[in-house]
Amino acid sequence: MDKALQVTRIRSFNRTVTRRIGVLEDSYLSRGRPLGEARVIFEIGLEGAGLGVLRSRLGLDSGYLSRMLRSLEAQGLVAVGKHAGDARSRRATLTQKGRDEHAAYDALSDELANSILDPLSVSRRDRLVAAMAEVERLLMAASITIGEEAPNSAEARQCLAQYFDELAERFEKGFDPAWGNTTTEEEFIPPRGSFVIARLDGRPVGCAALRMIDATTAEIKRMWVAPSARGLGIASRLLLKLEAIAAGLGAKTVWLDTNRALKEAQTLYRREGYEEIARFNDNPYADHWFEKRL
């Protein structure tokens with residue numbers, strides 16, 4: 001299917017979905033407010049949410065989110081105040097009236113879902129739900145962003161901590177990041193290298209690093225994807241991103257290594273054109289070494 005037909009199909013799908021779930025109505029689910037405000041109520045939830053988290057989840061700019069929150073405050077549904085643990089950040093919570101509205105939306109959303117399922121046979125329901133799950137997952141994959149960031153940022157270190165914890169669980173003899181580690185954060189800063197983070201709705205879900213060994217050889221390190229985000233093609237995109245950065249820094253060849261316990265990593269590297277070579281470093285945790293010509 002060519003790209004033009006794909007675009008036409010997506011636009012047709014969007015029109016069908018928006019009409020069927022009531023996006024076009026000024027009063028979503030007959031509660032007197034548009035879908036945008038209803039969605040904010042849902043995302044705040046019974047536990048409340050920081051405004052930064054809401055912006056990331058909903059993909060809204062600060063001004064638009066502020067206008068919706070002011071409207072919901074005027075309706076007596078939401079309260080916005082300072083975060084108890086951080087006076088610099090603000091947090092939205094539902095009032096009792098807001099919690100009642102949340103419960104009403106929850107029940108009406110179930111009714112809407114049932115109204116879609118009920119006219120269908122059992123087999124068609126299963127097909128619809130399976131197709132929706134696949135569409136949701138593919139849309140998530142399309143929402144992933146990958147960008148260069150400082151390797152010493154709080155979120156970079158958060159990613160690396162989770163990466164090291166996973167290696168400690170999966171390696172036969174555990175993992176100590178200090179043992180045999182000859183790399184430093186400075187090596188992942190341009191022009192000596194790069195550190196990239198993959199994000200889903202603003203939340204870090206993967207990372208990888210690159211360092212230049214010499215003028216024409218780069219090494220990829222710290223490749224990790226959060227378990228909750230696996231299967232979305234993030235690892236392949238991280239590799240491609242770092243390969244492009246390496247080429248921009250003058251590299252003609254990329255090296256990497258991995259442990260024998262990481263079978264999926266070996267499969268990924270071979271699929272992406274990496275070939276196994278002889279040992280090129282003294283990493284005590286490495287069992288396989290790979291190379292790719294750019």
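The values are calculated or read from the model by the stated rules, or taken from the named source; none is laboratory data. What you are looking at is a predicted structure, and each value in this text was computed from that prediction instead of being measured. Quick reminder, even Gly has a Cβ in these numbers, built from the backbone with ideal geometry, and neighbours come from all protein chains shown. Just the protein is used for accessible areas: all its heavy atoms, side chains included, with ligands, DNA and RNA removed. Shrake-Rupley method; radii C 1.70, N 1.55, O 1.52, S 1.80 Å.
Figures for the structure shown
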item: Selection from segment 270-289 of residues that are under 18 Å from Arg222 (Cα atoms) and outside any loop (DSSP other than H, G, I, E, B); result: Arg270, His288, Trp289
item: Candidates Arg271, Arg237, Arg293 - the one that is touching a Ser or Thr at 6+ places or on another chain (Cβ under 7 Å) and of a type outside the set (A, V, I, L, M); result: Arg293
item: Scan of segment 184-196 for residues that are part of a loop (DSSP other than H, G, I, E, B) and surrounded by fewer than 16 Cβ atoms within 10 Å (Cβ to Cβ), ordered by number; result: Thr184, Pro190, Pro191, Arg192
item: Selected residue (criterion: farthest from Glu291 (Cα to Cα)) from residues of segment 202-243 that are open to solvent by less than 30 Å² (accessible area, probe 1.4 Å) and among the small types (Gly, Ala, Ser); result: Ala229
item: Members of segment 169-180 found to be modelled with pLDDT of 95 or more and either of a type in the set (Asp, Glu) or touching an Asp or Glu at 6+ places or on another chain (Cβ under 9 Å) (or both), listed by number; result: Glu169
item: Test: Arg199 is touching a residue at least 24 places away in the same chain (Cβ under 8 Å), open to solvent by 30 Å² or more (accessible area, probe 1.4 Å) and under 17 Å from the mean Cα position of the chain (by Cα); result: yes
item: Flag for Ala4 being without any contact (Cβ under 8 Å) to a residue 24 or more places away in the chain, surrounded by fewer than 10 Cβ atoms within 10 Å (Cβ to Cβ) and either at negative phi or of a type in the set (Gly, Ala, Ser) (or both); result: yes
item: Matching residues, segment 212-253, being more than 24 Å from the chain's Cα centre (by Cα) and either within 16 Å of Val196 (Cα to Cα) or at pLDDT below 95 (or both); result: Met212, Ala218, Glu219, Ala247, Gly248, Leu249
item: Among (1) surrounded by 14 or more Cβ atoms within 10 Å (Cβ to Cβ); (2) at pLDDT 95 or above, the one test that Gly52 misses; result: (2)
item: Filter result (aliphatic (A, V, I, L, M) and either more than 20 Å from the chain's Cα centre (by Cα) or outside any helix (DSSP H, G or I) (or both)) within segment 42-76; result: Leu46, Ala49, Leu60, Leu65, Met68, Leu69, Leu72, Ala74
item: Scan of segment 221-264 for residues that are of a type in the set (Gly, Ala, Ser), closer than 25 Å to Glu134 by Cβ and assigned to a helix (DSSP H, G or I), ordered by number; result: Ser228, Ala229, Ala235, Ser236
item: Test: residue in segment 83-102 that is farther than 21 Å from Gly22 by Cβ, open to solvent by less than 30 Å² (accessible area, probe 1.4 Å) and either outside any helix (DSSP H, G or I) or among the charged types (D, E, K, R) (or both); result: yes
item: Residue count, segment 20-35 (criterion: farther than 17 Å from Ala103 by Cα and in a helix (DSSP H, G or I)); result: 2
